[in-house]
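To start, the structure under review is shown below, and the notes come after it.
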Amino acid sequence: MRYRILGGTGIEVSVHCLGTMMFGSAGNPDHDDSVRIIHAALDQGINFVDTADMYSMGESEEIVGKALKGRRDDVVLATKVHFQMGEGRNRGGNSRRWILREVEDSLKRLQTDWIDLYQIHRPDHTTDIEETLSVLDDLVRQGKIRTFGCSTFPAEEIVEAHHAADRRAIGRFRTEQPPYSILARGIETSVLPVTQRYGMGVLVWSPLASGFLSGRYRRGQSVDLSVGRARLTPARFDPSLPVNVTKLEIVEQLVEVAESIGCTLPELALAFTVTHPGVTSAIIGPRTMEHLESALKGASLTLDDATLDRIDQIVPPGTNVYQPDGAWNPPSLTNPTHRRRPLSDRPAA
């Protein structure tokens, strides 16, 4: 296992980070089996574990808490806050009120006194970014978190957050967690250049493109939309949809690249993401022990320039073959009033 420093934090983390979204009711409901998978990852050198409060509505954090008993000091533990937790108002978002409440709940579920990396899961345009940064800064001073970052923030909002931190002389985002894979290279355009400029650590999620680069989905094969990740987001796997037809065509070309250098498709995909100089760690999200073993087989694989050139020809740099984030879209796209002048302000036809 290789290790890198997480941005400017001085914290050394494994190049592969164990993601736990698939532990709990959304993936593997067997707590004991999930704990065994976490222990196996730690035994193979992974020291970086990422979870979130909303993964299986807190169940994932509970499983991680069980698994880290007796091993907490050896693990860099990351979790996230933002999405709605249960019914009722003010049970989500990036407000001081909610973050102060939810960090306590995460600490209880994780059975720990501190969180190494506390991340804002998505932007919240109803909350002033200075409000969010100030409460995170307070939590660092209180010792409940060691450092903090953001997840899936557009480049311009990362820049805004840094400017706000400078104005207020408070702590700033030290990490970003964006989606990144051969099929979703959009962050190469502006997010990664911005994080590099600010010296941020970057842990990328979905390096296997929600499983499309696992080798499980191939052209001409039927897809069971009732199990695994396909059950959670069937539109991403339905082979009749044009975007998925395109993904399957690309997969066939990538399989040829992988075979030509003597590796598997998932090994190629994971190695690609950690080749970028702006990426610190890639999150692997196994549901089974087999998934974990498959992901770690290529942990030491490095890609030469000729292989990277072939990948660039198949999916050009900065290109998203599909929209990787299905959980959040900016209000500027989802709210029509943000794109349309009031009728009274429109010129007469």
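The values are calculated or read from the model by the stated rules, or taken from the named source; none is laboratory data. Predicted model only: the values in this text are computed from it and were never measured. Virtual Cβ from ideal backbone geometry, glycine too; neighbours counted across all protein chains shown. Quick note on the areas: whole protein, heavy atoms, side chains included, nothing else; ligands and nucleic acids left out. Shrake-Rupley method; radii C 1.70, N 1.55, O 1.52, S 1.80 Å.
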Using a 1.4 Å probe on the protein chains only, how many percent of the accessible area of the chain belongs to carbon and sulfur? 48 percent
When the chain is modelled as a GNM with alpha-carbon springs shorter than 10 Å, which of 110, 203, 303 fluctuates the most? 303
Lys and Arg at +1, Asp and Glu at -1: add these up for the other residues within a Cβ distance under 14 Å of residue 245 and post the number. +1
Charge context of residue 235, other residues only, Cβ under 14 angstrom, K/R +1, D/E -1: +2
Multiply the residue gap between residue 305 and residue 44 by 0.36 nm, knock off their C-alpha separation, and tell me the result in nm, one decimal place. 91.1 nm
Accessible area in the full protein assembly, largest first, 1.4 Å probe, for 62, 87, 130: 87, 62, 130
Round to the nearest 10 and report in Å² the accessible area of residue 227, as given by a 1.4 Å probe over the protein chains' heavy atoms. 60 Å²
In nanometres, the difference between 0.36 nm per residue of separation and the alpha-carbon distance of residue 169 and residue 131 is 12.4 nm
Quick query: amide H of residue 19 versus all other amide H atoms, modeled in the peptide plane; which residues come in under 5 Å with a sequence gap of 5 or more or a different chain? 50, 284, 285
List 79, 275, ordered by accessible area with a 1.4 Å probe, largest first: 275, 79
Debye intensity ratio in log₁₀ form over the Cα atoms of region 187-233, taken at each q of 0.14 Å⁻¹: -0.54
Max mean-square fluctuation residue, GNM over the chain, Cα-Cα springs under 10 Å, options 329, 47, 320: 329
Compute the accessible area per residue over the chain, keeping the other protein chains in place, probe 1.4 Å, unit Å². 44 Å²
With an 8 Å Cα cut-off and a minimum separation of 6 or more residues, compute the relative contact order for region 35-80 in percent. 50 percent
Restricting to Cα pairs below 8 Å that are 6+ residues apart, what does the relative contact order work out to for the chain? Please round to a whole percent. 18 percent
Geometric extent, Cα atoms of region 43-90 - Rg, Dmax (angstrom): 12.7, 43
Per-selection Kirkwood Rh - the chain (Cα, Å, 1 d.p.): 20.9 Å
Can you tell me the length gained on complete extension of the stretch residue 246 to residue 261, counting 0.36 nm per residue apart and subtracting the Cα distance? 3.0 nm
Neighbour net charge for residue 187 - beta-carbon separation under 11 angstrom, K R +1, D E -1: -2
Tell me the Kirkwood radius of region 213-332: reciprocal of the mean inverse pair distance over distinct alpha-carbon atoms, in Å. 15.8 Å
Calculated from DSSP helices alone, with each H run of at least 4 adding -39500 (n - 2.57) and the total divided by the residues of the chain, [θ]222 nm to the nearest 500 comes to -11000 deg cm²/dmol
About its Cα centre, how strong a charge dipole does region 127-249 have in debye, to the nearest 20, once Lys and Arg get +1 and Asp and Glu get -1 at the Cβ? 620 debye
Taking residue 69 as the anchor, which lysines have their alpha carbon closer than 21 Å to its alpha carbon, excluding any fewer than eight residues away along the same chain? 80, 108, 144
